[in-house]
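Asker: Below you'll find the structure I mean.
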Amino acid sequence: MSKHGTWQGMPRENIPWYPAIDEAKCKGCKVCFEFCPHGVYEWEATKNKPKIANPFECVVGCSNCAGKCESGAIMFPPLTILKPYLSSDNYSSS
Ligand code: SF4
Ligand code: SF4
């Protein structure tokens, strides 16, 4: 069993869905860190920036924290990247 569980029958670690921070835009407000209930973020006090400490704890398809960031510093891939993972091909054991 995957440490981070599975999504659509695949280990969560195989799904490239998690936030990325544009540090140049980030104002260090901590909203993302305080908002996410899944522990994806840790707070880097020395840099006064969030760190994506647990990317595979991010809920696949969620991008709620990006909407909370007034600086537009949180990025996610487009939802369309998930489509191939929904293919029945991914259920084969090869
Ligand atoms: S919400 Fe945005 S500006 Fe605030 S700490 Fe997170 S990334 Fe930085
Ligand atoms: S998208 Fe959702 S689960 Fe992922 S880091 Fe943001 S709030 Fe947490």
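Asker: Among the numbered criteria (1) within 29 Å of Ser87 (Cα to Cα); (2) not in a loop (DSSP other than H, G, I, E, B), which one does Pro16 miss?
Answerer: (2)
Asker: Going through the range 54-75 one residue at a time, which ones are farther than 15 Å from Gly39 by Cα, outside any helix (DSSP H, G or I) and not aliphatic (A, V, I, L, M)?
Answerer: If the condition is that a residue be farther than 15 Å from Gly39 by Cα, outside any helix (DSSP H, G or I) and not aliphatic (A, V, I, L, M), then Gly61, Cys69, Glu70, Ser71, Gly72 are the ones that fit.
Asker: If you go through the range 32-48, how many residues are more than 8 Å from ligand 2 (Cβ to nearest atom) and surrounded by 17 or more Cβ atoms within 10 Å (Cβ to Cβ)?
Answerer: Residues in the range 32-48 being more than 8 Å from ligand 2 (Cβ to nearest atom) and surrounded by 17 or more Cβ atoms within 10 Å (Cβ to Cβ): 1 in total.
Asker: Looking at (1) touching a Phe, Trp or Tyr at 6+ places or on another chain (Cβ under 6 Å); (2) exposed (fewer than 15 other Cβ atoms within 10 Å of the Cβ), which is the one condition that is false for His4?
Answerer: (2)
Asker: Sort out which residues of the range 23-60 are closer than 23 Å to Arg12 by Cα, within 8 Å of ligand 1 (Cβ to nearest atom) and touching a strand residue (DSSP E or B) at 6+ places or on another chain (Cβ under 6 Å), and write them in order of number.
Answerer: Cys32, Phe33, Tyr41, Pro50 - these are the residues of the range 23-60 that are closer than 23 Å to Arg12 by Cα, within 8 Å of ligand 1 (Cβ to nearest atom) and touching a strand residue (DSSP E or B) at 6+ places or on another chain (Cβ under 6 Å).
Asker: Among the residues that make up the range 14-22, is at least one of them aliphatic (A, V, I, L, M), within 15 Å of ligand 1 (Cβ to nearest atom) and without any contact (Cβ under 8 Å) to a residue 40 or more places away in the chain?
Answerer: There is no residue in the range 14-22 that is aliphatic (A, V, I, L, M), within 15 Å of ligand 1 (Cβ to nearest atom) and without any contact (Cβ under 8 Å) to a residue 40 or more places away in the chain.
Asker: How many residues are without any contact (Cβ under 8 Å) to a residue 60 or more places away in the chain and at positive phi if we restrict to the range 2-13?
Answerer: The total comes to 1.
Asker: Something else about it: Quick check: anything in the range 54-61 surrounded by 15 or more Cβ atoms within 10 Å (Cβ to Cβ) and either over 23 Å from Tyr85 (Cβ atoms) or of a type in the set (S, T, N, Q) (or both)?
Answerer: Within the range 54-61 (the criterion being surrounded by 15 or more Cβ atoms within 10 Å (Cβ to Cβ) and either over 23 Å from Tyr85 (Cβ atoms) or of a type in the set (S, T, N, Q) (or both)), the answer is yes, since at least one residue qualifies.
All of the numbers you see were taken from the coordinates with simple rules; none came from a lab. It should be emphasised that the depicted structure is a prediction, and the values quoted were computed from it without experimental measurement. Virtual Cβ from ideal backbone geometry, glycine too; neighbours counted across all protein chains shown.
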